[in-house]
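Trainee: This is the structure, below, for whatever I ask next.
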């Protein structure tokens, strides 16, 4: 069974994506970490989907959808560091802003949609997004007022969506990718 997750990309991450000209490009990798400074993708397996989200001016945007290919260090990652100040994944320098320098960062190879910042989650969908934990308990985001997010704490982390919420985000991304005629 395929699971679907969300991960919140910070303002710094998204700013770095824009500055480095990554908007419109498909990231081949994301990074998982062992420290709270970088979300742990421990629950994700090959075939799972991850929606990268971004909060800007109290609005939540889907930045990209990624399908996990593998979590192994490949030749594309470059040489493993031999000293503490060596880059951890020199083969992915173009996407290092996604967390390559994080504490204990490991590469997660993905097949992704292009990075974009123009797909807002509608105000009526935002308060009903639902995540579930491994025990099947569900929760919805807190601090949503009139379809706008007051605080982003509910989104900070790596969380498994319910199938209904995953389908809603999938439809949103598909509609955004379909050209208007």
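Trainee: Taking other Cβ within 10 Å of each residue's Cβ, how do 6, 162, 138, 106 sort, fewest first?
Mentor: Working: 6 23, 162 17, 138 12, 106 20.
With the fewest neighbours first, 6, 162, 138, 106 line up as 138, 162, 106, 6.
Trainee: Right, next: So if each residue of separation counts as 0.36 nm, and I subtract the Cα-Cα distance between residue 118 and residue 85, what length gain in nm does that give?
Mentor: Values: separation 33, 0.36 × 33 = 11.88 nm, distance 3.65 nm.
Answer, rounded to one decimal: 8.2 nm.
Trainee: Can you quote the Å³ per residue value for the convex hull of the Cα atoms in the chain, rounded to an integer? Kindly include the intermediate steps, with their values, before the conclusion.
Mentor: On the way: hull volume 23.2 nm³, N = 181.
With only Cα atoms used, the chain gives 128 Å³ per residue.
Trainee: Right, another one. Based only on other Cβ atoms within 10 Å, what is the fewest-to-most ordering of 146, 48?
Mentor: Numbers: 146 9, 48 19.
Final ranking by Cβ density, sparse to dense: 146, 48.
Trainee: While we're on this one: Using a 10 angstrom cutoff on alpha carbons, build the Gaussian network for the chain and name the most mobile of 64, 77, 14.
Mentor: Of the options given, 77 has the highest mean-square fluctuation.
Trainee: At q = 0.16, 0.18 Å⁻¹, what log₁₀ I(q)/I(0) does a Debye calculation on the Cα points of region 49-149 give, no solvent, two decimals?
Mentor: -0.87, -0.97
Trainee: On average, how much area does the Cα convex hull of region 114-153 cover when viewed from any direction, in nm²? Each step should come with its number before you reach the end.
Mentor: Values: hull surface 15.9 nm².
The Cα convex hull of region 114-153, projected and averaged over all directions, gives 4.0 nm².
Trainee: Next question, about the same structure. Once label points are set 7 Å from the Cα along Cα→Cβ at both residue 40 and residue 71, what is their separation, rounded to one decimal in nm?
Mentor: In this crude spin-label approximation the distance works out to 1.0 nm.
Trainee: Here's a follow-up. Would you mind checking the tilt of helix 163-177 against the longest principal axis of the Cα atoms of the chain, expressed as 0 to 90 degrees and rounded to 10?
Mentor: 80
Trainee: Now a separate question. With runs of 4+ DSSP H residues as the only contributors, calculate the mean residue ellipticity of the chain at 222 nm using -39,500 (n - 2.57) per run, divided by the residue total and rounded to the nearest 500. Numbers along the way, then the final one.
Mentor: Numbers: 2 runs with 24 residues, N = 181.
Estimated from H runs of four or more residues: -4000 deg cm²/dmol.
Trainee: What's the percent breakdown of Cα-Cα distances in region 131-181 across 5 Å bins, shortest bin first?
Mentor: 4, 17, 18, 22, 21, 10, 6, 2, 0
Trainee: For a quick check, take a GNM of the chain with Cα springs below 10 Å and name the residue from 159, 51, 143 with the largest mean-square fluctuation.
Mentor: Per the Cα network of the chain with a 10 Å cutoff, 143 tops the list.
Coordinate-derived values only; no laboratory data. Just so it is clear, the model here is predicted, and its values are computed rather than measured. Virtual Cβ from ideal backbone geometry, glycine too; neighbours counted across all protein chains shown.
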